[in-house]
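The values are calculated or read from the model by the stated rules, or taken from the named source; none is laboratory data. This structure is a prediction, so every number in the text was calculated from the model and none was measured. Here the Cβ positions follow ideal geometry from the backbone for every residue, glycine too, while neighbour counts run over all protein chains shown. Just so you know, the surface numbers come from the protein's heavy atoms only, side chains and all, with ligands and any DNA or RNA stripped out. Shrake-Rupley method; radii C 1.70, N 1.55, O 1.52, S 1.80 Å.
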Amino acid sequence: MRVTDEDLDAIPGWFDAIDRELFRWFLGPGRAISGPGNLAELGVYMGQSAVLLGGFLENGEELTVVDLFESEAGDTANVRENAESYPGLSREAFEANYTRVHPDLPHVLQDFSERIVDHVAPGSCRFVHVDASHLFEHVRHDVVAAEQLLGTAGVVTFDDYRAGHTPGVAAAVWEAVANQGLRPIVLSPNKLYATWGDPTPYLSGIARETPWWTSETQSVAGGELLVLSPVHHESYRWIKYLPPAAVPLAKRARAGLATLTKR
Ligand SMILES: C[S@@+](CC[C@H](N)C(=O)[O-])C[C@H]1O[C@@H](n2cnc3c(N)ncnc32)[C@H](O)[C@@H]1O
């Protein structure tokens with residue numbers, strides 16, 4: 001079932017255009033590389049990204065999501081994080097948003113994110129979205145859970161891996177890259193996509209330039225990865241109205257401007 005941007009925009013959340021397109025690629029064409037498998041999300045909030053995941057289930061595949069919803073977190077820092085960032089969140093609100101788009105709910109667990117491993121078979125997933133607590137100790141557990149859930153060629157994506165207010169995510173994710181065999185594939189401004197398998201087939205499949213991003217290849221910890229820079233939608237709206245022959249030049253000018261204005 002095709003989930004549109006209008007479906008997603010009707011749900012509160014922070015899911016960028018660039019990541020919506022990357023999800024669509026990894027979950028659609030990328031399935032030829034990962035192979036079939038289940039989907040999982042750690043941290044759903046109101047359901048924006050879960051609703052997109054639910055649109056890519058093929059025969060026999062299942063989506064499992066886990067969130068604390070109204071339940072109290074186990075430690076003070078996590079309690080504070082949730083109270084400050086997600087006031088008004090309820091399981092009911094998530095489920096209502098989800099069923100406005102899909103006829104059936106996914107498997108919904110109201111629990112600590114890392115407990116997902118008690119409910120989803122090891123090695124059964126082709127895609128795992130980690131977007132629950134941003135605190136170092138929690139994300140470390142989520143890294144371990146994601147590795148356990150994924151099949152050999154499966155893909156994990158971590159939200160807020162480089163946001164200024166979430167150093168715990170950055171520390172846990174890059175620790176996994178440096179010491180635990182996690183191999184980054186592509187970095188968007190908000191999410192890092194990686195695998196414990198071989199990133200090469202994914203790297204060959206991802207478009208280097210699209211209406212949403214330009215890219216450059218970099219090397220980190222002995223592996224190549226793609227770094228994406230967003231093409232802002234406002235300027236892309238302009239580009240759409242140019243004669244086709246002028247589009248490549250306009251895009252190069254836009255990318256040049258983005259480089260000049262980068263901090
Ligand atoms: C950033 S939001 C998720 C956003 C969602 N993936 C989206 O794109 O719309 C983080 C969610 O993680 C949940 N959360 C925070 N700490 C958690 C924990 N320790 N275990 C499970 N869920 C947690 C919060 O309740 C919140 O709903």
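Being open to solvent by less than 40 Å² (accessible area, probe 1.4 Å), of a type outside the set (S, T, N, Q) and within 25 Å of LEU150 (Cβ to Cβ) is a property that does not hold for GLY60.
Tallying residues that are within 23 Å of VAL66 (Cβ to Cβ), open to solvent by 10 Å² or more (accessible area, probe 1.4 Å) and part of a loop (DSSP other than H, G, I, E, B) within region 166-196 yields 3. Hey, among ALA93, ALA132, which residue is in a loop (DSSP other than H, G, I, E, B) and either near the ligand (Cβ under 10 Å from one of its atoms) or surrounded by fewer than 19 Cβ atoms within 10 Å (Cβ to Cβ) (or both)? Criteria check complete, one pass: ALA132. Of all residues in region 2-24, those that are away from the ligand (no atom under 14 Å from the Cβ) and buried (at least 17 other Cβ atoms within 10 Å of the Cβ) total 1. Among the residues making up region 63-74, those that are surrounded by 15 or more Cβ atoms within 10 Å (Cβ to Cβ) and either modelled with pLDDT under 95 or more than 13 Å from VAL128 (Cα to Cα) (or both) are ASP67, LEU68, PHE69, ALA73. For VAL156, the test of being more than 12 Å from the ligand (Cβ to nearest atom), open to solvent by less than 20 Å² (accessible area, probe 1.4 Å) and among the β-branched types (Val, Ile, Thr) is passed. In the set (1) more than 10 Å from the ligand (Cβ to nearest atom); (2) assigned to a helix (DSSP H, G or I); (3) in contact with a strand residue (DSSP E or B) (Cβ under 8 Å, 6 or more places away or on another chain), VAL117 fails one condition alone, (3). Listed by first and then second residue, the pairs linking a residue in region 136-157 that is more than 13 Å from ARG115 (Cβ to Cβ) and in contact (Cβ under 8 Å) with a residue 24 or more places away in the chain to a residue that is within 12 Å of the ligand (Cβ to nearest atom) and among the basic types (Lys, Arg), with Cβ atoms under 9 Å apart and 6 or more places separating them unless they lie on different chains, are THR157/LYS191.
Being assigned to a loop (DSSP other than H, G, I, E, B), more than 10 Å from the ligand (Cβ to nearest atom), of a type outside the set (A, V, I, L, M) and surrounded by 21 or more Cβ atoms within 10 Å (Cβ to Cβ), is that true of even one residue in region 37-48?
From region 37-48, those assigned to a loop (DSSP other than H, G, I, E, B) are 37, 43-47; that's our starting set.
Narrowing the set further to residues that are more than 10 Å from the ligand (Cβ to nearest atom) leaves 37.
Filter once more, keeping what is of a type outside the set (A, V, I, L, M): 37.
Next, only the ones that are surrounded by 21 or more Cβ atoms within 10 Å (Cβ to Cβ) stay: 37.
Scanning region 37-48 turns up at least one residue that is assigned to a loop (DSSP other than H, G, I, E, B), more than 10 Å from the ligand (Cβ to nearest atom), of a type outside the set (A, V, I, L, M) and surrounded by 21 or more Cβ atoms within 10 Å (Cβ to Cβ).
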